Structures are given as structure tokens and as C-alpha cells.
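Throughout, read-outs are computed from the coordinates displayed, never taken from laboratory work. The model shown is predicted, which means the values in this text are computed figures rather than measured ones. Cβ: placed from backbone, ideal geometry, glycine included. Neighbour counts: every protein chain shown.
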Amino acid sequence: MPDTKQRILVVDDELSITEFVSYNLKKEGYEVEVAQDGDTAVKMIEEGHYNLVILDVMLPGIDGYEVLRKIRPTSSVPVLFLSARDTELDKVVGLELGGDDYLAKPFGVHELLARVKVLLRRGAASPQGGESEQDESLEVNGIHVDTAEHSASYKGQEIDLTPREFELLATMMQHAGKVVSRDQLLREAWGWETVVETKTVDTHIKRLRDKLESVGIDPGLIETVRGYGYKLAND
């Protein structure tokens, strides 16, 4: 059973969905709250603390994508999109906006719970999904990452990263000084067996560079290897 302090916000305007999802999450020991429109969801996220947001794309008022745009500047809470729209483009849009996973409707309870557990546990696992203690603490060019605590810092200053940004940085630090392809980053950092769109990596790299620069790190530390991938310099 998970820590009872783990709180999940379910955002969907379909009562049958919120009841189904809430019931099964509560059975697993999670605390669950519900919002039925985008504006309410934004307010709840701004005023409360959640370990995960399960967010429908099509909502009354502002849609799920706009909810994510509004909360991302101040919140790194993991977001699992739910949507009846199951095209590759829809998935890419959600992920590039800063979503962490995308589950198409209809879905089964076992798949839902599996996705939830992965998002909640990522902070305690290494970027490659392992539990090796030797990989829990990494340091490259003054950047310190603790995969057990899911924390990153530079010269004692915390780097505020989303779960995807953290996993991307930790994976690149494990391969510091080596070129890593976009496909490899998708597989190792986020566990994608099927590559959806390599532009997703490029978008997250840009965001990661911005976060590094905000704490005084040269964003050029992450080098672009044209036509292949990226390399984290290891001077």
C-alpha cells in the first residue's frame, strides 16, 4: 500500500470516469480529490499539494492542455493525461507541453494503476528503472543528482525540475561525456519502448537548459550532436 499522504487529483467532467478512477485509486490507499472543469483544477493545484494529477484533455471551459500550461510555471507535479483522442499528434502535444504520460480512453484498471505507480515511484528509481545504490548519487560539473531523493542541485542551490526533466538530466549524467541518441534517451529516461516522436526530446532538452541556466549553469553544457542526439560535457 502506498503512503496515505500521497494525494491524487482526478480532473474529468464525466462522472462515470471520476467515480471509476477514484474508487480504484482509493482501494489502493491513495487520497483522491476530484475536479470537473479546468478552472477548478488550476485553482486546486495552486492551493493544494498533490503527488499526481490525472487530467482529461477535453474539459468544460479551459481544456487539459491549457490547465497544464497554466500550472507548469509554478508546479512540477506529475501529470497523466486521459483522453479519447488517441492520435500520435495528440500524445506528442500533451508530452511536449510537460505532461508525463498519456493514457487513451477506454482503459482498464490494471493499466491505469500501473501508470500511476510508475509516475509516483519514479523519484525512488534510477533513470533506467533499476535500484542500484551506486547510481543513487551522481555529480558532474558541480551538478549533484540524488535519484533516491529525486533532487538536483548546483552549488547547494536546488534545481526545480519536472519528473521528466529530472530523469532526462540523470540519464545524461550517467552517460556524461558520451553522445546519447534521442531514441536512447526516450527508452532510458522515460521507459518508452515505442518511440513516438523525437521532437519530444528536443523540447525537453530546451526546457532543461533553461532550468540549468536559471541557477547559473552554462546551458551549453548540454551539447547538440546534429542528426543524432546530445552529450553532457564532463570536464
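As a quick test, which of the pairs K70/K211; K5/K27; K117/K155; K43/K117 have an alpha carbon distance above 21 angstrom in this structure?
On the way: K70/K211 18 Å; K5/K27 14 Å; K117/K155 32 Å; K43/K117 25 Å.
Going by Cα-Cα distance, K117/K155; K43/K117 fall outside the 21 Å limit.
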Handout entry: M58-H110 pseudo-label distance in nm [points 7 Å out on the Cα-to-Cβ vector]
Key = 2.8 nm
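Can you compute the charge dipole magnitude of the chain about its Cα centre, using +1 on each Lys and Arg Cβ and -1 on each Asp and Glu Cβ, nothing else charged? Give it in debye, rounded to the nearest 20.
340 debye
Given Cβ point charges of +1 (Lys, Arg) and -1 (Asp, Glu) and nothing else, what value in debye, to the nearest 20, does the dipole of the range 133-232 about its Cα centre take? Could you put the intermediate results ahead of the total?
Numbers: 12 positive and 19 negative charges, 114 e Å.
Charge dipole, the range 133-232, about its Cα centre: 540 debye, nearest 20.
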Handout entry: From phi via Karplus (6.51, -1.76, 1.60), per-residue ³J(HN,Hα) for the range 30-35 in Hz, x at Gly/Pro
Key = 7, 8, 10, 10, 10, 10
Exercise for the section: Express the relative contact order of the chain as a whole percentage, based on alpha carbon pairs under 8 Å and six or more residues apart in sequence. Expected result: 13 percent
